[in-house]
Structures are given as C-alpha cells and as structure tokens.
2 protein chains.
Amino acid sequence: MTDLPTSVHIHEEGPREGFQIEPGPIGTAEKISLIDALSQTGLHRIQVCSFVNPRLVPGWADAEAVVEGFSPAGDIEYSGLYFNGNGLDRALKFRDRLTISGSISLSASEAFTRKNLNRGHAENLAAMKRHAEAHLAHGIPVNRIGVMAAFGCNYQGDITPATVVDTLADGMAVADETGALITVFSLADTMGWAAPHRIERVIGAVRERWPDMTLSLHLHDTRGLAVANAHAGLRMGVSRFDSTVGGLGGCPFAGQPGAAGNICTEELVMLCEEMGIETGVDLDLLIEAGRMAEAIVGHPLPSELLHAGSLGRFRRTALD
Amino acid sequence: MTDLPTSVHIHEEGPREGFQIEPGPIGTAEKISLIDALSQTGLHRIQVCSFVNPRLVPGWADAEAVVEGFSPAGDIEYSGLYFNGNGLDRALKFRDRLTISGSISLSASEAFTRKNLNRGHAENLAAMKRHAEAHLAHGIPVNRIGVMAAFGCNYQGDITPATVVDTLADGMAVADETGALITVFSLADTMGWAAPHRIERVIGAVRERWPDMTLSLHLHDTRGLAVANAHAGLRMGVSRFDSTVGGLGGCPFAGQPGAAGNICTEELVMLCEEMGIETGVDLDLLIEAGRMAEAIVGHPLPSELLHAGSLGRFRRTALD
C-alpha cells in the first residue's frame, strides 16, 4: 500500500544553508543572483538568509542587504531563519518581503539540545514558550513544531519513535499554553541517521497520535540515503520537504568533516516528477541554478543530477 | 505490502569498473591491494579485472598480472569480465582462481546495442548464441541473462516493461537453443534512467512472466536515485545487487561527462543493514577499503557514506 501525494511543496533552503557553511566570503550580489535564479524555477518557498549573530556566522553578516536586494517573483514565499528575539526583530523589518511565521524548535535528543544550545530540553521548552509568545505579541502566527535529530543523534545514538512523539507532545503543550495554532510538524534527520524503515516507523507513530497533522521532512544526505528516505516519506503521503539546490550546505556536527548536507532539490524534484508527483518546478532551470550555485561556491556540489543533467533533453533527442 | 529479503548477495565490481575508467595509469600492486582489502570485508563476490583488448582499454592491460597477484580468501567468488571468445580464453587460464560462468548479454534498447556494439539486436542474439556455445563447449555454465538499458536509454528514451520482457524472452530462446540453464536475470540501469516506480513496474512485469527466476539489479547513480531504486528493488524481494565500493567507475555514455557511476557498495550495505537485511559485510572495513580506493584513484569518490563514516562508531560512543 502506498499513499503517494499528487503534489509536493518544497522549501528551498540552499541560499541560507549553503552560504552559511562555506568558508570563503561570498558576495552579496552573488547570493542575490542565486535567489533570483531560483525564483524562476517554479519553487514555492525559498529561504533567503539567516538573521544570526554576524560574529558567530560571518557568512550572513549581509542578511539585510540580501533581503533588500532580491527581486520577489510571483506568489513565491520567501523566508528568513532566526533563532531568538533579536533575529525575529531583524526579520520583522521585512514583513513586506518575507513570509514570517514562528516555529517551536525542539530536538528529540537531549544530548544534542545540550551540545547545540547549551541547555536541556526543559529549559529549551521554556525558551520556546517565550519565543512563541514574542511572535504572537507581534501578530505573527506560530504554526510549526520542528523536531531535530528525529531519527538518531551523533551524541545520543538511535532515537525511538516514542521519543519523537513525546517531543512533539511537549511542543504541543507549549502551543496550547501560548495559544499557538500548529498546522505542521517538521521532522529533521539532522545528522543523517534515517533509513527508509525508520522514516516509516517514526511517521507511523506520529500519524497514529496526530492523524490530521501535515508532516514535513528535512532530510540530510550525510550517508547517501536521503533520496531513499524521501521516497519512503512520499510513500507515507508526506508532501512537504526542505531541500537545497545542488545539495548546498554541509554537516557542522561532530565527527563528520566533509560530510554531505541536505537532500538535493533537483534529485527530489526528479524523484517526484518521474513518479508522477507534481512539484511545479522546471528541472532544467533548477539544474541551471544549481550550476550557478556551484560556480559561486567554487567547488563541486554533492548533487549527482547536477552533473549528469536531466532526462528531459535525452527524451527530446530520442523523440526527434 | 513489502517482500524484503532476509539477506542480499552483493557482487562488488569496484576494481574492474573503477580502474577501467580512470585516466591515470594505476599500478598493478595498487589494484591487488584493493582486491585484498575487499576480500576482508565479508563481500561474497568480487570482480577483479576485465579481459578486454588492451589497445581499447589500456587500464586493464595488466589483467593477468592482477589475477595472478591477489590473495583469494575464504569462500569468496572472484570473477573477471569479458565480452568475446578471446576474453573467455584468457579467463579460462585462471579456472583455479576465478569463478567463470557465462552470460547472455543483451540490451533492451536497439539504439544502444548499435551504439555500444555496432550491431543490431538480431545480430547480437546470434553473437550471444555463439558466445553461449563457446562456454558450454568448455564445460562452463551459462546461467545468466543480462539486460542493459532496462529502464531507459540516452539514445532511445524510455523503455517499456514489455520491451524488457521481450528482450529476456529473446535471451531465453537463445538459452533453449544452446541448452543453457538460466538461473538469474540481471537488469541494468546502464545510463541512470530508473526511478522507484519504474523499478517496480519492470520487476513486476518480469516476475509475472517468470515468477521463480532470481533477479539481480545493476544500478547506476547517474542522477542520484540509485539508493532509492535499490530500496524499491528490496521491497520487491530482489536479493542480488552489483555495486562498486566508493561508487568507483563512471558513465562513459554520451552527454554525461562527470556523471556518477555505479551505486556505492557501502551505501547499499548501510541501507540493507539498517533495515535488518543481512549482507555479511563489515561496514567499517568496507569504508576503509573505499578510502583506500579513493587514495589510489587520487580524487574524491561519489560515496557520501565514505566521507561521513558509519553510524556504528556513533552508536558505540553514545552507549559508552
């Protein structure tokens, strides 16, 4: 039994993820040209920057300039990433250009929460409650609970589906306390622990508890299984995915220097389109944008499809 | 409904595929050391060389020296590739070291047969009949029909499941005429056209016609979908796969310079082991062999897992 969706909604995070992790300085104009190229591909939602502390993440010191500089197109939603009240305040200055919505961001791994945020799960829940309240006070909806390390953790090992359900329940309690109306659960394979059966089990457990919640997958290709995991998600009816063009980004977590980052948008699009699932994306234009990204970062990106090219041109030639 | 196998049989083709396509000369001793390292990983079958014309494939001019030099271990089967009577004669000199068996090798694409072999399907069938007869005359079994381009072709476009069935039927007719007893059908995604649903449809059609035949998949990761395709095959009960450590090899076919080659053995092993399917392979030793292969060829190989490392060490650390 499969429950394939008829269409999927892709959140392109390449500009934000990619330019955050690259060592070299990347010019504001280059960031803007990639965003503008991605805007022509048919993608629904593009994350254009990160409002983080420029001392910690110098690659995004020009977040404001990028948001001011890109050319919004059609009905694409553009988003920015932020983690705290200061980031929210910076994002709020661009309510005319960015779609701003809040997220209750948790981790299924207590050990990862401590490593990543220097606080435990309980403290993080309290922080997320304040974060949600700050959004709601500005009239910004908080509609999403994100769970990092939902399939395993470098610091804690395997994560059970029950732990993911408990983490989401904790997030739902924060939502209830603050009056946030949650519509999406986002499950992240932050460190590349997922395999298809694990996707099936976690999604099955979450669906059993919250049958009507929209689920989104944020997959990393750390060990090469991201596309197989996306396929497992599609078979379970998942219709929302985060991804990065060319596989921009990487893995900043312990013990994995040089590991791959997010699932490649173009491989996700090819998987869907070949299976008859609508993405709205022009794959050849997306591959062109990916090649632009590769030229900007100045080294090969992990995407195989970027280098092979789409099947479209071969189909067209074969039919001639 | 899934029909996962309890174990899989992997044919490691890295030494042969990898050293054939690399531009630089690779020393005989280095080839032998990779084969010997692979012999320690638990792999069942390793293809160690190609008995091809050294003027056409200079990378395998030392085939005999490699076969004489490696150290056979345990009950591993070692194989050599060849395409014609001259290659068979060269292989037959090593009946003590190699497991030699014949294959009726066809393509589901007439256009690819012409491009690749400079002859049509009918001529190729006649050649394969002679090839099978030559094997049987030496007491060598012919037990396999291989179908290249079984999921699509750069020169002919999409290939229907019915065409694959017809191609196999043509091969079975050759087997009948020659008295060959076929036990395995190998379906190859030679140019990276497969997607999971296509795997399901082709395997479904072949199974309907030959319910009891053992099926093997030879997948290429040209567009990044190989692991997802392997997963689709596993779900259909396929228990034999060809692969190459690190993703050694490449794509010599038109219009795809720089494209990836075969599915990576270590990603296939991880997929299986994480799903509870036994491979017999020690993943960490295999990753070490892959890193040796990368050092030998002198450039990064496509495997993501090679660069990230296995989950095993994180699991062990997390348990400490």
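Table for the structure above
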{"item": "Which numbered condition A:Ala173 fails, given (1) within 14 Å of chain B (Cβ to nearest Cβ); (2) open to solvent by 10 Å² or more (accessible area, probe 1.4 Å); (3) hydrophobic (A, V, I, L, M, F, W, C)", "result": "(1)"}
{"item": "Lone unmet requirement of (1) touching a residue at least 12 places away in the same chain (Cβ under 8 Å); (2) out of contact with any His (no Cβ under 6 Å at 6 or more places or on another chain) for B:His44", "result": "(2)"}
{"item": "Residue list for segment A:266-319, filter: within 13 Å of chain B (Cβ to nearest Cβ) and among the polar types (S, T, N, Q)", "result": "A:Ser303, A:Ser310, A:Thr317"}
{"item": "Number of positions in segment A:56-65 that are at pLDDT below 90 and either part of a loop (DSSP other than H, G, I, E, B) or not small (Gly, Ala, Ser) (or both)", "result": "3"}
{"item": "Filter pass, A:Ile145 being open to solvent by less than 10 Å² (accessible area, probe 1.4 Å) and under 21 Å from the mean Cα position of the chain (by Cα)", "result": "yes"}
{"item": "All helices (runs of 4 or more DSSP H) inside segment B:210-320 with 3 or more residues being among the aromatic types (Phe, Trp, Tyr) and open to solvent by less than 10 Å² (accessible area, probe 1.4 Å)", "result": "none"}
{"item": "Candidate set: segment B:4-32, residues that are touching a helix residue (DSSP H, G or I) at 6+ places or on another chain (Cβ under 7 Å) and open to solvent by 40 Å² or more (accessible area, probe 1.4 Å); chosen: the one nearest to B:Ala293 (Cα to Cα)", "result": "B:Glu30"}
{"item": "Among the residues listed as B:Ala91, B:Ala132, B:Ala111, B:Ala73, the single one being surrounded by fewer than 19 Cβ atoms within 10 Å (Cβ to Cβ) and either within 18 Å of the chain's Cα centre (by Cα) or assigned to a helix (DSSP H, G or I) (or both)", "result": "B:Ala111"}
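The values are calculated or read from the model by the stated rules, or taken from the named source; none is laboratory data. Quantities reported herein were computed from a predicted structural model and do not represent experimental measurements. Positions of Cβ are backbone-derived with ideal geometry, glycine not excepted, and every protein chain shown enters the neighbour counts. For the accessible areas, the whole protein counts, side chains as well, though only heavy atoms, and no ligand, DNA or RNA atoms are used. Shrake-Rupley method; radii C 1.70, N 1.55, O 1.52, S 1.80 Å.
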